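The values are calculated or read from the model by the stated rules, or taken from the named source; none is laboratory data. The structure presented is a predicted model; accordingly, all values stated were derived computationally and were not measured. Virtual Cβ from ideal backbone geometry, glycine too; neighbours counted across all protein chains shown. Note: areas computed on protein heavy atoms with side chains; ligands, DNA, RNA excluded. Shrake-Rupley method; radii C 1.70, N 1.55, O 1.52, S 1.80 Å.
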Amino acid sequence: MLALLTPLPAFAVNPDEILSDPVLEERARNLSAQLRCMVCQNQSIDDSNAELARDLRVLVRERLVDGDTDRQVLDYVVSRYGEFVLLKPRVSAKTVLLWAAPIVLLLIGLAAVLVFMRTRPAQQAVPALTAEENARIEELLKK
């Protein structure tokens with residue numbers, strides 16, 4: 001009973017999209033799980049019911065049937081839709097810069113604070129009150 005009530009992942013792949021070759025179909029599913037639906041944006045094309053996701057699933061399967069490798073299929077889709085179509089972006093100079101920028105800016109900010117703290121003028125010590133000044137304060141407090 002528990003197994004029946006446990007939610008299972010719902011795949012949006014239509015029966016007419018499924019390839020007859022189980023090996024190619026498995027490759028297509030793996031590739032579809034790596035590609036972002038451009039309409040839903042936080043779903044893979046394997047999980048999305050959007051028309052664009054369906055078109056991309058069909059495109060992936062067509063490329064696999066034509067003999068493309070997984071890498072060639074991903075490169076083709078990225079060339080048409082950009083890096084954003086990948087759910088896990090590739091490591092490149094752009095992504096390294098994107099991920100490193102906050103850390104670099106934080107370090108620059110810390111360096112600026114340190115420089116500011118070191119270069120500001122030191123606070124001068126206030127000289128102690130003289131006996132005459134203490135007497136005057138006592139006199140004012142008694143009034």
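Which trypsin sites (Lys or Arg not before Pro) in region 27-109 pass both tests, a DSSP loop state and at most 16 other beta-carbon atoms within 10 Å? Mind showing how you got there, number by number?
Working: sites: 27, 29, 36, 54, 57, 61, 63, 71, 80, 90, 94; in loops: 90.
Qualifying residues, ordered by number: 90.
Using a 1.4 angstrom probe, figure out how much accessible area the chain has per residue, in square angstrom, rounded to the nearest whole. Please list the in-between numbers first.
Values: 11050 Å² over 143 residues.
Dividing the accessible area of the chain by its residue count gives 77 Å².
Per-residue ellipticity at 222 nm, computed for the chain from helices alone with -39500 (n - 2.57) per DSSP H run of at least four residues, works out to -18500 deg cm²/dmol. Surface composition of region 60-143: carbon plus sulfur atoms contribute 65% of the solvent-accessible area (1.4 Å probe, protein chains only, all chains present). If you take the Cα centroid of region 40-87 and the Cα centroid of region 124-143, the two points sit 82 Å apart. Across the chain, the relative contact order, built from alpha-carbon pairs under 8 Å that are at least six residues apart, equals 17 percent. The equivalent ellipsoid of the chain has semi-axes of 69, 23, 11 Å, largest first, where each one is the square root of 5 times an eigenvalue of the Cα gyration tensor. Say the dipole of the chain comes from +1 at the beta carbon of Lys and Arg and -1 at that of Asp and Glu; which of 44, 117, 72 then lies farthest toward its positive end? Ranked along the dipole, the leading option is 117. Computed over neighbours whose Cβ is under 13 Å from that of residue 86, the net charge equals +3, Lys and Arg +1, Asp and Glu -1. Here the ratio of the Cα radius of gyration of region 73-127 to 2.2 N^0.38 Å is 2.22.
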